[in-house]
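Laboratory data are not the source of any read-out in this text; all were calculated from the coordinates shown. Keep in mind that this is a model prediction, so the values were computed, not measured. Glycine gets a Cβ as well: all are built from the backbone with ideal geometry, and neighbour counts include every protein chain shown.
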Amino acid sequence: MIALIVISIGILFNLFGCIGLLRLPDVYNRLQAATKCVTLGCCSILAGVLIHFGFTEAGIKALVAVPLLFFSSTVAAHALIRGTYLFGVKMSDKSVKDDYKDVEK
Amino acid sequence: MRYVVFFILGLIFWLAVTFDISAANIVAGSAASLVCTLIFARFYFKGVQKFFHPARWFWGLVYLMVFVWACIKANFDVAFRVLSPAMPIKPGIVKVRTSLKSEFAKMLLANSITMTPGTLTVDIIGDDFYVHWIYIRSANPEVYTSMILGRFEKYIKKIVE
């Protein structure tokens, strides 16, 4: 039962991430939604799997997947956002500040 | 020394993923772990003796709890911004300066920033972090530096340096 609740919360956060991907104005803000919501959503689903199966084979594998997901998604977001900036994609009109513009890259 | 630690961590990881403690699997895991050690170990664990201080592990646990809490807050924050009809965003890239020195500490801090409310690390040049912020709350560099880094920097300093 607890496992089902935790998994439902995970799916809900994944949904928020997807809505953010559609609604936010530019690629930088979209990446924010995509990294945070989707990572915690997936971690929540994996935690649900761990609770459901306990410390058996599937549970331990879910536990191992959590830190892997954390590091890979943060590093991927960093690489994507930097690559996007260097490629020259403009930030949305709502942006108020850009300290990265004048830097030697 | 660093090679030994790397090898053992690799072997533990292999056994956790395959979940099979037969002799054949341990030999295969050792071989895979040895190859990884020879290729990658020289990039990691500069001060490997730090690995055995209990105080660092304690601060690691504290940091983990702070981090998970910040992470959950981050999700509610982003969910709120995404779902509210007016969409309260004021995005921009700000420059913050860290006092951390080692590469590993900077990596940890950058990943923490990425997972916390509304901030995403774009680049690290020297000691400067360039952080994309979805809602810039303050124009004062000192204030936003402590808002972005303050929570984690002190713990990471205790763990790694």
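May I ask which of B:Lys73/B:Lys154; A:Lys90/B:Lys158; A:Lys97/B:Lys101; B:Lys73/B:Lys95; A:Lys36/B:Lys95; A:Lys94/B:Lys101 have a Cα-Cα span longer than 29 Å here? Pairs exceeding the cut-off: A:Lys90/B:Lys158; A:Lys94/B:Lys101. Think of each Lys and Arg Cβ as +1 and each Asp and Glu Cβ as -1; about the Cα centre, that makes the dipole of chain B roughly 360 debye. For A:Asp98, the residues whose modelled amide H falls within less than 5 Å of its own, excluding neighbours fewer than 5 places apart on the same chain, are B:Ile93.
Toward the positive end of the charge dipole of chain B, with +1 on the Cβ of Lys and Arg and -1 on the Cβ of Asp and Glu, the farthest Cα among B:Trp59, B:Ile21, B:Leu38 is that of B:Trp59. Simple spin-label estimate for A:Ile5 and B:Asp20 gives 3.8 nm between the two label positions (7 Å along the Cα-to-Cβ direction from each Cα). When A:Tyr28, B:Tyr63, B:Tyr44 are arranged by Cβ crowding within 10 Å, least crowded first, meaning fewest neighbours, the order is B:Tyr44, B:Tyr63, A:Tyr28. Mean projection of the Cα convex hull over all viewing directions, computed for region B:2-48: 3.0 nm².
With the Cα gyration tensor of the protein assembly as shown giving a ≥ b ≥ c as the square roots of its eigenvalues, does the rule (a/c under 1.5 for rounded; else a/b larger than b/c for prolate; else oblate) give rounded, prolate or oblate? It comes out oblate by the Cα gyration axes. Once you reduce region B:16-46 and region A:1-78 to the center of their Cα atoms, the two points are 27 Å from each other.
In chain B, helical runs assigned H by DSSP with n ≥ 4 each contribute -39500 (n - 2.57); averaged across all residues and rounded to the nearest 500, the mean residue ellipticity at 222 nm is -21000 deg cm²/dmol. Between B:Met87 and A:Cys18, the simple spin-label model (points 7 angstrom out along Cα→Cβ) gives 1.9 nm.
Label positions at B:Leu64 and B:Lys101, each projected 7 Å from the Cα along the C-beta direction, are separated by 2.8 nm. Using the Cβ-Cβ distance between A:Phe87 and B:Glu161 with R0 set to 25 Å, the FRET efficiency works out to roughly 0.10.
Given +1 at the Cβ of Lys and Arg, -1 at the Cβ of Asp and Glu and no other charges, the dipole of the protein assembly as shown around its Cα centre is 380 debye to the nearest 20. At what distance in angstrom do the alpha carbon centres of region B:56-116 and region A:81-105 lie from each other? Region B:56-116 and region A:81-105 have Cα centres spaced 20 Å from each other.
Normalised Debye scattering of region B:64-133 at q = 0.16, 0.27, 0.28 Å⁻¹ gives log10 I(q)/I(0) of -0.61, -1.19, -1.22, counting only Cα atoms as equal scatterers and leaving out solvent.
Computing FRET efficiency as 1/(1 + (r/R0)^6) for B:Lys154 and A:Ala79, where r is the C-beta to C-beta distance and R0 is 22 Å, gives about 0.20. Amide H contacts under 5 Å for B:Lys90: B:Tyr135, B:Ile136, restricted to partners 5 or more places along the chain or on a different chain, H placed in the peptide plane at 1.01 Å from N. Expressed in Å, the radius of gyration and Dmax of the Cα atoms of region A:2-87 are 14.6, 46.
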